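The next block holds one structure in the form of structure tokens; read it before the comments.
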Amino acid sequence: QVQLVESGGGLVQAGGSLRLSCAASGGISSISVMGWYRQAPGKQRESVADISSGGSTNYADSVKGRFTISRDNAKNTVYLKMNSMKPEDTEVYYCNADLRYWHGISLRSGSNWGQGTQVTVSS
């Protein structure tokens, strides 16, 4: 069974930094795009950043220059380094992976989500 497990959330003061990690496991054959999303109560989940298997990245305008996404393909892990954090970055952060995985002898494709980790930035 495919699992994405996030870690690294917490409370930080404005201007501070946090690093999120997300490790994928469970019969994985390959992962194409890995990304981070965030969601505030009552709002839609929005993309923060994503990274391809080759290292190409995309960022939301609101985090460009402050956040950096990276990945370790050997560990099936994606990271999000968040610097110069602002109170408006306070949301639940989710990782996502577009991957191929083994289900018995069948190779399947899917888009999987982590459980979410709370990030709170105090002013």
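Using only Cα atoms, figure out Rg for the chain and give it as a multiple of 2.2 N^0.38 Å.
1.06
Heavy atoms only, probe 1.4 Å: what % of the accessible area of the chain goes to carbon and sulfur, would you let me know?
That share works out to 45 percent.
What net charge is computed for the residues neighbouring Val12, neighbours being all others with C-beta under 11 Å from the C-beta of Val12, Lys and Arg scored +1, Asp and Glu -1?
In short, +1.
Of all DSSP beta bridges located in the chain, what percent are antiparallel, nearest 5?
That works out to approximately 90 percent antiparallel.
What is the gain in length, in nm to one decimal, between Ser32 and Ser122 on full extension, counting 0.36 nm per residue of separation less the C-alpha to C-alpha distance?
Here the answer is 28.9 nm.
At what distance in nm do the modelled label points of Ser53 and Leu107 sit from each other, each positioned 7 Å from its Cα along Cα→Cβ?
Modelled inter-label distance: 0.9 nm.
What's the magnitude of the charge dipole for segment 38-123 around its Cα centre, counting Lys and Arg as +1 and Asp and Glu as -1 at the beta-carbon? Answer in Debye, nearest 20.
160
In whole Hz and in residue order, list the ³J(HN,Hα) couplings for segment 107-123 that follow from phi through the Karplus curve 6.51 cos²θ - 1.76 cosθ + 1.60, θ = phi - 60°; x for Gly and Pro.
Those phi angles translate into 9, 10, 10, x, 10, 10, 10, x, 7, x, 9, 7, 10, 10, 10, 8, 8 Hz.
The values are calculated or read from the model by the stated rules, or taken from the named source; none is laboratory data. Just so you know, these numbers come straight off a predicted model, no measurement behind them. When we count neighbours, we look across all protein chains shown, and the Cβ atoms used for this are built from the backbone with ideal geometry, even at glycine. Calculation scope for accessible area: heavy atoms of the full protein, side chains included, ligands and nucleic acids excluded. Shrake-Rupley method; radii C 1.70, N 1.55, O 1.52, S 1.80 Å.
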